[in-house]
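Read through the structure below, which is laid out as structure tokens, and then see the notes.
The values are calculated or read from the model by the stated rules, or taken from the named source; none is laboratory data. Being a predicted model, the structure only gives us computed values, none of them experimental. For neighbour counting, all protein chains shown are included, and Cβ atoms are generated from backbone atoms with ideal geometry for every residue, glycine included. Ligands, DNA and RNA are excluded from the accessible area calculation, which covers all protein heavy atoms including side chains. Shrake-Rupley method; radii C 1.70, N 1.55, O 1.52, S 1.80 Å.
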Amino acid sequence: MLVLFIGDIVGKPGREAVRVVLPDLIKTLCIDVVMANAENIAHGTGATPPLIKKLEAEGVHLFSLGNHAWRHPEMIKGIDALPSVARPANFSTHAPGKGRAVYTLPDGRHCTLINLIGRVFMEPANCPFDAIERELDSRTGDSLFIFVDVHAEATSEKAALAWHLDGRCSAVLGTHTHVQTADERILPGGTAFISDVGMCGPYNSILGVKSELVLKKSITGLPVKWEIADGPVQFNAVLVETDDRTGRAISVKRIQQILQLDS
């Protein structure tokens, strides 16, 4: 099975990058399943059900979220009607939504996406190690293909979860920092890992935001309203190939494209 996981999609520029790049990738690489982190798809912060539906129409099958999951009230109200969306499994048990989402391929195979959020340099959350054990224990069906999005700040926390899950999941993929790392590898037990997949969004920016605004806040310490940058956009993703017999990873490859979209 070939699975494409797309890094944090930031606002309209990120969505446009997906719209332009994804169809050709699916066709040329014969991709079976497409996943994406969608926690920044709405104006750069948060997600909404209509935008999830729009990305589904572009070819994305499963979505994960993160610390901005509840930024828009319509997502709080609408997530239970979105079976393709997984929010962090270690959110409060009172939170709406589920910590995993499953896609069934036309040939009957199942592919599972589980979402976790980190606790280092992040807002308080329940233990991700406990949460992933509950998700794995409560899994139903015969899915061999389990992908985990660890939405976290610290690379050490992402790596710790990857080693903890080595041999039990197809891949553990980091998101949140919006910078594609060069440490992709397959761990000894057959789990693919990368500290951060990167982002889809403005290339000449800081995390997708106009650099001058981030600099102003950094220098003055005063509140600044973020605005999505313009100009060329980048498309960051990883392609994971798995063994159909075991679900373990065979290969993991970073993908990065820089393109100039029409205004």
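Once you treat every alpha carbon in the stretch 1-157 as an equal point and sum by Debye, what is log10 I(q)/I(0) at q = 0.16 Å⁻¹?
Rounded to two decimals, the profile gives -0.88.
Determine the equivalent ellipsoid of the stretch 111-165 by diagonalising the alpha-carbon gyration tensor, then write out the semi-axes as square roots of 5 times the eigenvalues, largest first, rounded to whole Å.
21, 11, 9
Count the DSSP beta bridges whose two residues both fall in the chain, then state the antiparallel fraction as a percent rounded to the nearest 5.
Roughly 50 percent of the beta bridges in the chain run antiparallel, per DSSP.
Which order do the peptides 106-112, 64-70 take when ranked by the mean count of other beta-carbon atoms within 10 Å per residue, highest first?
Packing order, densest peptide first, comes out as 64-70, 106-112.
What span do the alpha-carbon atoms of the stretch 124-263 cover on each of the three principal axes, reported in whole Å from largest to smallest?
That gives 50, 36, 25 Å along the principal axes, largest extent first.
Could you work out which residue, out of 216, 253, 54, moves most in a Gaussian network model of the chain, that is, has the largest mean-square fluctuation with Cα springs under 10 Å?
Greatest mean-square fluctuation among the candidates belongs to 216.
Take residue 217 and residue 74, extend 7 Å from each Cα along the Cα→Cβ direction, and tell me the distance between the two endpoints in nm.
The answer from the label model is 2.4 nm.
How high is the FRET efficiency between residue 20 and residue 253 when r is their beta carbon distance and R₀ equals 22 Å, given to the nearest 0.05?
0.65
With a 1.4 Å probe and all protein chains left in place, how much accessible area per residue does the chain have, in Å²?
45
Hey, any idea what % of the stretch 92-237's accessible area is carbon plus sulfur with a 1.4 Å probe?
The computed percentage sits at 55.
Report, in deg cm²/dmol and to the nearest 500, the calculated mean residue ellipticity at 222 nm for the chain, where each DSSP H run with n ≥ 4 adds -39500 (n - 2.57) and the sum is divided by the residue count.
-7500 deg cm²/dmol, from helical runs alone.
Mind giving me the FRET efficiency for residue 262 and residue 133? R0 is 45 Å, r the Cβ-Cβ distance, nearest 0.05 is fine.
Step by step, r from the Cβ atoms, then E = 0.40.
Taking amide H positions as placed in the peptide plane 1.01 Å from N, state which residues far from residue 44 in sequence (5 or more) or on other chains have amide H under 5 Å from it.
Excluding prolines and chain starts, which carry no amide H, the hits are 11, 12.
Residue 199's amide H: which non-local residues (gap 5+, or another chain) put their own amide H closer than 5 Å, with H modeled 1.01 Å from N in plane and none for Pro or chain starts?
Distant-sequence amide H within range of residue 199: 180, 236.
Pop out the ³J(HN,Hα) list for the stretch 239-254 in order, Karplus 6.51 cos²θ - 1.76 cosθ + 1.60 with θ = phi - 60°, rounded to Hz; leave Gly and Pro as x.
With coefficients 6.51, -1.76 and 1.60, one gets 10, 10, 9, 10, 7, 5, 7, 10, x, 7, 6, 9, 8, 9, 9, 6 Hz.
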